[in-house]
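Below is one structure, written out as structure tokens; comments come after it.
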Amino acid sequence: MKLMRAFSAMFFCFALLGVAMVNAQKVSKDSFGKTAEGEGVDIYTLTNRTGMEARITNYGGIVVSLTAPDRDNKYADVVLGFNDLDSYLKGHPYFGALIGRYGNRIAKGRFKLNGTEYKLAVNNGENHLHGGIKGFDKVVWIAQEYKSRLGPALSLTYKSKDGEEGYPGNLTVRVIYTLTNRNELRIDYSASSDKDTVTNLTHHSYFNLAGEGNGDILNHRLALKATRFTPTDAGSIPTGELRNVNGTPFSFLKSTVIGERINGSDEQLKFGSGYDHNWIVNGPAGVLRQAASVYEPTTGRVMDVWTTEPGIQFYTGNFLDGTLTGKGGKPYARRTGFCLETQHYPDSPNHPTFPTTTLKKGVTYKSTTIYRFTARK
Ligand code: GLA
């Protein structure tokens, strides 16, 4: 009897502790303004148990800010972005946004599916980029905030109409952002369509682990678990070749300073104006495995990227030119942020040898990516 009482007391304590831990996470909702069409937009603040905070708006599913601790447990905002909705509405290079229906480029905005040729909106020279003129980064998502077992979460839903930006099929997309109590920003994507279509969803945060507005990212060290990448033509469309990174400035198999080789004479670096390429993540797609690790030496911040996707676009903010001013009042100059966009390879609908991006009618698309933050002494 005594033993039973001791056990139930212990159980009660654990239960209390559990409740206390769950209670420490927070989610709140505020108005973030209105779109040009007068649609109301909100901003959600997710705070996890350790004190990390993510602010996410349902306009474009944009992560507006994200704090992470350094080696002295000091938090800083590590993503580029703006303080107000109007700055996002004026136009920006996909800061923190959800990207769809197709992340990265589709050559000439054309592809064939089941014998029919589809013509997409063209918004990047002669090519289609990041879902077109009004991609998922510029639409208002239906949002629901909640507390999950893993941490505070935000569910975002968007119904993309048949024909939108030229794509076939009514596509229902759901993205769940969770700020886990293990200091991860976890993104779970799912989608389904009423007609065969193509889908390649990603997230476009620009990270600066020294803190947004705090100089360029060239002294960050990057490791990519990728033995091959997809070289492109001058318009950033993959040639179809899967090239081994050995002996090239594209080898990040050993952690390497980003700026070390970026201005070299390699033709691929010239085409991208720096790094703006898709690497093939080692290991089986569909399985959550580590793709990248980034270390910032002055603060000790580390970001590890895990994904189920077959590829990852590493982009060094080559087109930032100082004309946009960020949250802390500093202009975002060239290479002051980097992106690690987990994805299927660019232009897959025109490359039958690449892993397929066809989403069959009635089948559920699923993808998960985790950005995990730690600090090294
Ligand atoms: C992706 C593309 C880049 C660029 C950025 C946004 O990374 O590959 O070329 O368009 O998005 O500017």
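The values are calculated or read from the model by the stated rules, or taken from the named source; none is laboratory data. Because the structure is predicted, anything quoted here is derived from the model rather than measured. FYI the Cβ positions are ideal-geometry reconstructions off the backbone, even for glycines, and counts take in every protein chain you see. Only protein heavy atoms, including side chains, enter the accessible area calculation; ligands, DNA and RNA are left aside. Shrake-Rupley method; radii C 1.70, N 1.55, O 1.52, S 1.80 Å.
Accessible area per residue of the range 27-375 at 1.4 Å probe, in Å²?
For the range 27-375, the solvent-accessible area averages 38 Å² per residue.
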*the range 323-337 to the range 168-222: how many Å between their Cα centroids?*
21
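What number comes out for the charge environment of Ala223, summing +1 per Lys or Arg and -1 per Asp or Glu over other residues with Cβ under 10 Å away? Walk me through the intermediate numbers first.
Numbers: positive: Arg221, Lys225, Lys254; negative: Asp304.
Result for the local shell: +2.
Could you tally the net charge around Ser160, taking each other residue with its Cβ under 14 Å from the Cβ of Ser160, Lys/Arg +1 and Asp/Glu -1? Each step should come with its number before you reach the end.
Values: positive: Arg101, Lys134, Lys138, Lys159, Lys161, Arg174, Lys195; negative: Asp137, Asp162, Glu164, Glu165, Asp194.
Residues close to Ser160 contribute a combined charge of +2.
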*asked:* Less than 11 Å Cβ to Cβ from Pro238, Lys/Arg counted +1 and Asp/Glu -1: what total charge do the surrounding residues give?
replied: -1
*For the range 27-375, give the magnitude of the charge dipole about the Cα centre (Cβ charges: +1 Lys/Arg, -1 Asp/Glu; no others), in debye to the nearest 20.*
680
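Quick one: grab the alpha carbon gyration tensor of the range 27-375, order the square roots of its eigenvalues as a ≥ b ≥ c, and give me rounded if a/c is under 1.5, else prolate or oblate depending on whether a/b is larger than b/c.
Working: a/c = 1.43, a/b = 1.06, b/c = 1.36.
Rounded is the answer for the range 27-375, as its axis ratio a/c remains below 1.5.
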*Just read off the accessible area of Ile187 with the full protein assembly in place, 1.4 Å probe, to the nearest 10 Å².*
0
*Within the range 159-252, report the trypsin sites (Lys or Arg not before Pro) that DSSP leaves as loop and that have at most 16 other Cβ atoms within 10 Å.*
Lys161, Arg182, Lys195
_Helix 2-24 vs. the chain, principal-axis angle (Cα, 0 to 90°, nearest 10)_ = 40
*Share of the chain's accessible area from carbon and sulfur, percent, 1.4 Å?*
54
_Nearest 500 deg cm²/dmol is fine: what mean residue ellipticity at 222 nm does the chain get from its DSSP H runs of n ≥ 4 alone, each adding -39,500 (n - 2.57), divided by its residue count?_
-3000 deg cm²/dmol
*Compare the peptides 341-351, 198-208 by average per-residue count of other Cβ atoms within 10 angstrom and give them in order, highest first.*
198-208, 341-351
_For Leu320, solvent-accessible area (1.4 Å; no DNA, RNA or ligand), Å²_ = 10
